[in-house]
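Peer 1: Let me give you the structure first, and then I'll get to my questions.
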Amino acid sequence: MHHENSNRFLTAFNDIEAELTDRMGRHKPGGFAQLLNMLRRHDAQIRLHYDTLRQFAKLRNAIVHSMREDFIIAEPHDEVVAEIERIRDQLAQPPIIADYMTQHPYHVPRHTTIAEVIATFRARNFQRCPIIGQEGICGLITAKSITTWIGSLLAHPDQDGKHLPLERIMGRTVDDVLPFCSSREYAIVPRNASIADAVYLFRRSIEHGRYLQSLLVTAEGTPQSALVGIVAPSDLPRLFTEDIDIED
């Protein structure tokens with residue numbers, strides 16, 4: 001009896017184990033489970049696939065311990081074989097953020113007026129955009145930060161109890177709003193970061209009780225290098241349709 005699915009499954013599993021061993025470098029633990037547990041601490045791809053790979057390890061043990069010429073206790077289904085081969089291929093050649101980001105994102109210099117930012121947000125249905133200064137990326141202006149800033153102006157009238165007129169508020173610049181722009185609402189990543197890294201950053205922000213509004217993609221992953229793209233929460237469904245598993 002032929003065990004084509006079992007053979008394909010074992011081939012893919014062995015490829016994955018070899019990939020994980022390579023990622024460990026000189027520090028090679030005793031078995032596959034230890035590989036997973038050690039790599040998940042710092043490897044976003046392994047964290048995403050951790051639960052599935054644990055189950056695959058159990059299936060692998062069932063196959064190798066029962067396989068005989070005419071009998072196998074657990075022949076994998078076609079879907080299982082396709083899944084492990086997909087994970088193997090992703091681990092070997094991880095999809096990167098540059099392939100899915102919005103390129104050449106709208107951004108504003110610090111001297112841009114608030115009126116211009118609001119008009120652009122309204123016209124293009126934006127909620128946020130990067131702020132660029134001479135030093136590179138210096139913040140992320142959002143609808144929330146603009147609202148908070150305006151609220152602070154209204155909460156502190158002048159000595160006569162008068163508020164700034166609307167035209168003067170709109171004439172202020174992004175630089176005035178910058179102190180109200182939280183650095184916790186964005187992260188800067190290099191263009192060759194993996195999709196798994198991107199998903200992990202969004203997930204971690206939620207787990208820590210904050211809302212990551214954007215990943216700002218630069219050529220080298222530093223604020224000083226060129227801004228080349230952006231990934232917003234609205235992009236996540238598109239990332240997930242690329243067969244990236246989100247597992248607890």
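None of the figures in this text is laboratory data; all of them are computed from the coordinates on show. What you see is a predicted model, and the numbers here were worked out from it, not measured in a lab. Cβ: placed from backbone, ideal geometry, glycine included. Neighbour counts: every protein chain shown.
Peer 1: Filter the stretch 200-223 down to the residues that are of a type in the set (Lys, Arg) and surrounded by 13 or more Cβ atoms within 10 Å (Cβ to Cβ) and list them by number.
Peer 2: Across the stretch 200-223, the qualifying residues are 203, 204.
Peer 1: Which pairs have Cβ atoms under 6 Å, sit 6 or more apart or on different chains, and link a residue in the stretch 1-22 that is basic (Lys, Arg) to one that is surrounded by 18 or more Cβ atoms within 10 Å (Cβ to Cβ) and assigned to a helix (DSSP H, G or I)?
Peer 2: Note: pairs meeting the criteria are 8/81.
Peer 1: I'm trying to understand the selection: among the residues of the stretch 193-222, which are within 12 Å of the chain's Cα centre (by Cα), more than 15 Å from residue 46 (Cα to Cα) and in contact (Cβ under 8 Å) with a residue 60 or more places away in the chain?
Peer 2: 213, 214, 215, 216, 217
Peer 1: Could I ask something else about it? Check the stretch 100-115 and report whether any residue there is closer than 30 Å to residue 169 by Cα, among the small types (Gly, Ala, Ser) and not in a helix (DSSP H, G or I).
Peer 2: Scanning the stretch 100-115, I find no residue that is closer than 30 Å to residue 169 by Cα, among the small types (Gly, Ala, Ser) and not in a helix (DSSP H, G or I), so the answer is no.
Peer 1: Given the residues 73, 132, which is the only one that is surrounded by 12 or more Cβ atoms within 10 Å (Cβ to Cβ) and not hydroxyl-bearing (Ser, Thr, Tyr)?
Peer 2: 132
Peer 1: Would you confirm, using the coordinates I've provided, whether residue 73 is more than 24 Å from residue 199 (Cβ to Cβ), touching a helix residue (DSSP H, G or I) at 6+ places or on another chain (Cβ under 7 Å) and without any contact (Cβ under 8 Å) to a residue 12 or more places away in the chain?
Peer 2: The answer is yes for residue 73.
Peer 1: So which residues in the stretch 175-199 are buried (at least 17 other Cβ atoms within 10 Å of the Cβ) and farther than 21 Å from residue 225 by Cα?
Peer 2: Those that are buried (at least 17 other Cβ atoms within 10 Å of the Cβ) and farther than 21 Å from residue 225 by Cα: 177, 180, 196, 199.
Peer 1: For the stretch 4-58, enumerate the residues that are touching a Leu at 6+ places or on another chain (Cβ under 9 Å) and more than 16 Å from residue 91 (Cβ to Cβ).
Peer 2: Within the stretch 4-58, 28, 29 qualify.
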